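Below: the structure, in structure tokens.
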Amino acid sequence: TYLTVMQPAAPTISHVYALISVSPETLTFEVAGGSQTLSIAGTDTEMQNGTPSKTTPLTIADVTITKSAGADWLTVAADGTVTAAKNTTTEARAAVLTISVNADAKQTKSVPVLQQAGQATTEYSITSVTPSAISFNGNGESKTISVAGTVVNKMNGKEVSRRNLSLSDITVDKGAGADWLTVSGGTITATANNTGRARQATL
């Protein structure tokens, strides 16, 4: 007499991962920087002997977020929060984030990241011109003026450098009817006055 003993094989279990979408699809930051949080949609389907048995949603903990080269101005937290530092340059910045499923690196999505360029401005201020009035003799002559003031360079409204105003920063406009005057840098030259009457102009 024979006793037949049978045991079925343990089920073959595998997983199929699908990264469906990442939101937002593009991250855009202003000059001042800031933070935005990525969220994902995806599934983890458990297969028994090739047949789906259970499906669970993927979470941000199931993926890895990788920055492109040169994106040291970005930081990425484990919860998907992406933070951009303030842009202190005059160039717009761009990077790409790659989101990959930890258990299946072939399941990836790319998210472009853009940041506006910083704004550089220069502010000029004339505080005084010396002398405040010039008198020439009737034979004509040259006299020199000087200016006092500041030139302030700012980035995103914050001062980054300052220097004294110079004659090369200014333009001297003679105005209409002052063709008897010539201007070269800070030197003002009057021709001889042969008109028999006084002349006057405003620079």
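Here are the numbers for the structure shown:
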| read-out | value |
| --- | --- |
| Relative contact order (%) - criterion: Cα under 8 Å, at least six apart; region: region 13-109 | 31 percent |
| Residue 124 accessible area, 1.4 Å probe, all protein chains in place, Å² to nearest 10 | 140 Å² |
| Length-normalised contact order for the chain - Cα pairs under 8 Å, 6+ apart - percent | 16 percent |
| Most positive-pole-ward Cα, 191, 74, 138, against dipole of the chain from beta carbon charges | 138 |
| Cα centroid of region 121-170 to Cα centroid of region 12-26, whole Å | 64 Å |
| Rh (Kirkwood; distinct C-alpha pairs) - the chain, Å | 24.2 Å |
| Region 1-155 - charge dipole about Cα centre, Lys and Arg +1 at Cβ, Asp and Glu -1, debye rounded to 20 | 160 debye |
| Within the accessible area of the chain (1.4 Å probe), percent carbon and sulfur | 51 percent |
| Whole-number accessible area per residue in Å² for the chain, which is evaluated in the context of all protein chains at 1.4 Å | 65 Å² |
| Cross-link pairs 109/154; 54/106; 54/109 - those with Cα-Cα distance over 29 Å | 109/154 |
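The values are calculated or read from the model by the stated rules, or taken from the named source; none is laboratory data. Not measured: the values here are computed from a predicted model. Every residue, glycine among them, receives a Cβ derived from its backbone with ideal geometry; neighbour counts consider all protein chains shown. Please note that ligands, DNA and RNA were not included when accessible areas were found on the heavy atoms of the full protein model with its side chains. Shrake-Rupley method; radii C 1.70, N 1.55, O 1.52, S 1.80 Å.
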